[in-house]
Amino acid sequence: MKAAPRATTYQPDALDAAIMAALDGDLRRSTQDIAGSVDATPVTVRRRIDRLLDQGVIGLAPLVDLYAAGYQYLLLVGINVEHYSPFEVAGRIAELPAALTVNVVLGRYDIELVAALASREASSTFLTETLPALPGVARLAPALALDVWKFRRGYQPHSATDTPEQRKLLDALDHRIVASLRQNARKSNRAVAAEIGVSESAVRNRIRRMQQEKQISFAYLQLHPGGPMNAAFVGIDVHGGSGRTVCQALSGIPEVSFVATTLGRHDLICTLNVTELEQLTQLLHERIVPIDGVKSTAPSHCLHQITHQSELGFIL
């Protein structure tokens, strides 16, 4: 089973926090540069980063664009369970290759699933055959993500003249380079080249090209919380013609990490991430419900995250 990032009991100190802040935005920032910004020696910085990685506090994988990786369909599926524990069913769902995120939730559904599929045919099979065949799966409420307005800090304004960006697909060598960097994006070009059997210049040029074409990004530091996660999926229905303005307003809320228009159970779906449970209610009722154009909301609070991967997403 794919596991969620392991919780850690390690408590970062002030220097760790400064180093993490220096990494966020550029995972491949040089150790020398980070050392200068946090007033520490390069050896200390290197050791601290290694410890944060080993202790499971951070992840250093590059973000790979879903479309560039060949996944054209992102599904957000609410699942109701009968006769089985939702945790047991969620565990089975997490074993499916398409499953990116599987949360046991409190709300209209028992499980919220985010899945990536390569084609319409694969999506159809997943929804009509694969998921319904799992013991305990009673009902599915799928939504297909259409326009993604926000992913993490990335924001796509979607003006009236926008045309969808077409990502070039990663080729076989691109995939090998990304795989080599998966555990630690700070691995040197020389080390990657030696591992996969190509020249250092080929690795350097490929990485530069993948960044320029928004196929991969080194801008996002993955933080693995040591305590319980307080997150929620929120389905939103809007009054006619107000979808754009609602998406713009949602994208401007820092605690909202994902916003997309959808085809299916709701007009829009967003995700919220906060540090305290009380903030979810406050955020929903004081920041989201009052947005002009919002007709109704359907939140699902995450009780337990069964699996989550941060390596695939959207580079906006």
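Remarks
- Pick from the stretch 224-239, criterion at pLDDT below 90 and surrounded by fewer than 20 Cβ atoms within 10 Å (Cβ to Cβ), ranking: farthest from P12 (Cα to Cα): N230
- Identity of the residue in the stretch 41-86, assigned to a loop (DSSP other than H, G, I, E, B) and surrounded by fewer than 17 Cβ atoms within 10 Å (Cβ to Cβ), that ends up farthest from the chain's Cα centre (by Cα): T41
- Lone unmet requirement of (1) closer than 24 Å to S30 by Cβ; (2) part of a helix (DSSP H, G or I); (3) of a type outside the set (F, W, Y); (4) open to solvent by 60 Å² or more (accessible area, probe 1.4 Å) for R244: (1)
- Counted as qualifying within the stretch 167-223 are the helices (runs of 4 or more DSSP H) with 2 or more residues that are touching a strand residue (DSSP E or B) at 6+ places or on another chain (Cβ under 9 Å) and open to solvent by less than 50 Å² (accessible area, probe 1.4 Å), namely 172-181, 200-212.
- Which listed residue, of R204, R182, R190, is modelled with pLDDT under 95 and among the charged types (D, E, K, R): R182
- Selection status of A98, free of Cβ contacts under 8 Å to residues at least 24 places away in the same chain, closer than 25 Å to Q305 by Cβ and open to solvent by 10 Å² or more (accessible area, probe 1.4 Å): no
- Selection of the stretch 257-316 for residues being under 30 Å from L181 (Cα atoms) and of a type in the set (S, T, N, Q) yields S257, T271, N273, T275, Q305, T307, Q309, S310.
- When the residues of the stretch 247-278 are filtered to those that are part of a helix (DSSP H, G or I) and out of contact with any helix residue (DSSP H, G or I) (no Cβ under 9 Å at 6 or more places or on another chain), the one that is most open to solvent (accessible area, probe 1.4 Å) is E278.
Residues checked against (1) more than 18 Å from T307 (Cβ to Cβ); (2) aliphatic (A, V, I, L, M); (3) free of Cβ contacts under 8 Å to residues at least 40 places away in the same chain; (4) open to solvent by 30 Å² or more (accessible area, probe 1.4 Å):
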| position | (1), (2), (3), (4) |
| --- | --- |
| V104 | no, yes, no, no |
| D110 | no, no, yes, yes |
| A118 | yes, yes, no, yes |
| T125 | yes, no, yes, yes |
| T128 | yes, no, yes, yes |
| L131 | no, yes, no, no |
| V137 | no, yes, no, no |
| P142 | yes, no, no, yes |
| D147 | yes, no, no, yes |
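- Residues (without any contact (Cβ under 8 Å) to a residue 12 or more places away in the chain, in a loop (DSSP other than H, G, I, E, B) and of a type in the set (V, I, T)) located in the stretch 279-316: V289
The values are calculated or read from the model by the stated rules, or taken from the named source; none is laboratory data. Nothing here was measured: the structure is a model prediction, and the numbers come from that model. When we count neighbours, we look across all protein chains shown, and the Cβ atoms used for this are built from the backbone with ideal geometry, even at glycine. What goes into the accessible areas is simple: the full protein's heavy atoms, side chains included, and nothing from ligands, DNA or RNA. Shrake-Rupley method; radii C 1.70, N 1.55, O 1.52, S 1.80 Å.
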